[in-house]
Amino acid sequence: MPSRRSGWRTSLQAGSSGVVLDPKGKVIIDNPPHETALAFYSNLHNKYKVDPSGAAQTDWAAAQNFFQQGKTAMMRFWAHAYPLIPKNSPVYGKVGVAPMIAGKAGVAGIPGPWYPLGVPEKGKQNELATSFLKFSFDHNELAVQSSLGLAARKSAFVHYENQPKYANFKPLLQTLSAPATKARPANAKWRRS
C-alpha cells in the first residue's frame, strides 16, 4: 500500500489546491481531488487487487527490498532509490525511470525537507555552524555522493543529470518543476514526514 504522501501527491495530480490544507490553512481532505486520490488507492486494493498480500504492513525498506529482489513489477519511490539498486540484484541494469505519474492536473510531486539544517538561536558555535550551513548550501551537489544520494537543491541534481548513474535526476527535475507540484503546508502544526 502507498504511504500517505502518495495519497497527498495523487490529490495534487487530481487538481487539489494543496495537500490536507489549502493555501489559507483550511482543511480540504474532503475536496473532490482528495476523494479521487482515496478512490484511486482503495480501488487498487479492493477493486483491482493489484497489491501483494500484506501490502498494508509493508514499510519503505521492505517494499524497496521486494523490488530489488524482482518480486514486484514497479516501484513509485523517491528518486534516490534508483542508484541504490545493488549490482547483484536481478533487476540491476533493467530498471527505467520516469517522472511521477500524471492525473487530471498533470504530473505532481511533493518535495521533501530531507536536508533540515539550522543554527540554534543560542548555540555555542553559531559562527562555525553558520559557516557549515553556508558550505552545505553552496556545495549541495556533494550530498549526491553520500550513501543515500540525497540533495536539497535543484542545482545539485542538474550538476549530475547527464551521468548514467543518475538517470533518475532528469525525471526528478521534471516532477519538481511540474505546475501541480506543491510543498507540504507551511503550518506550525505540520509534522515533517
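Can you go through PHE137, PHE132 and tell me which one is within 30 Å of PRO23 (Cα to Cα) and surrounded by fewer than 18 Cβ atoms within 10 Å (Cβ to Cβ)?
Numbers: PHE132 fails: within 30 Å of PRO23 (Cα to Cα).
Testing whether each residue is within 30 Å of PRO23 (Cα to Cα) and surrounded by fewer than 18 Cβ atoms within 10 Å (Cβ to Cβ) leaves just PHE137.
Residues are listed down the side, and each one gets a yes or a no for (1) in contact (Cβ under 8 Å) with a residue 60 or more places away in the chain; (2) open to solvent by less than 60 Å² (accessible area, probe 1.4 Å); (3) out of contact with any helix residue (DSSP H, G or I) (no Cβ under 8 Å at 6 or more places or on another chain):
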| position | (1), (2), (3) |
| --- | --- |
| VAL91 | no, yes, no |
| ALA98 | yes, no, no |
| ILE110 | yes, yes, no |
| ARG153 | no, no, no |
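With of a type in the set (A, V, I, L, M), out of contact with any His (no Cβ under 7 Å at 6 or more places or on another chain) and surrounded by 11 or more Cβ atoms within 10 Å (Cβ to Cβ) as the only criterion, which of ALA61, ALA73, ALA81 stands out? Give the derivation first.
Details: ALA61 fails: surrounded by 11 or more Cβ atoms within 10 Å (Cβ to Cβ); ALA73 fails: surrounded by 11 or more Cβ atoms within 10 Å (Cβ to Cβ).
After applying the criteria, what remains is ALA81.
State all residues of the stretch 41-58 that are assigned to a loop (DSSP other than H, G, I, E, B), hydroxyl-bearing (Ser, Thr, Tyr) and open to solvent by less than 80 Å² (accessible area, probe 1.4 Å); if no residue qualifies, say none.
Residue satisfying the conditions is THR58 alone.
Among the residues making up the stretch 18-40, none is surrounded by fewer than 16 Cβ atoms within 10 Å (Cβ to Cβ) and among the hydroxyl-bearing types (Ser, Thr, Tyr).
The values are calculated or read from the model by the stated rules, or taken from the named source; none is laboratory data. Because the structure is predicted, anything quoted here is derived from the model rather than measured. Note: ideal-geometry Cβ built from the backbone for every residue, glycine included; neighbour counts use all protein chains shown. Surface areas here come from the heavy atoms of the whole protein model, side chains and all, with no ligands, DNA or RNA. Shrake-Rupley method; radii C 1.70, N 1.55, O 1.52, S 1.80 Å.
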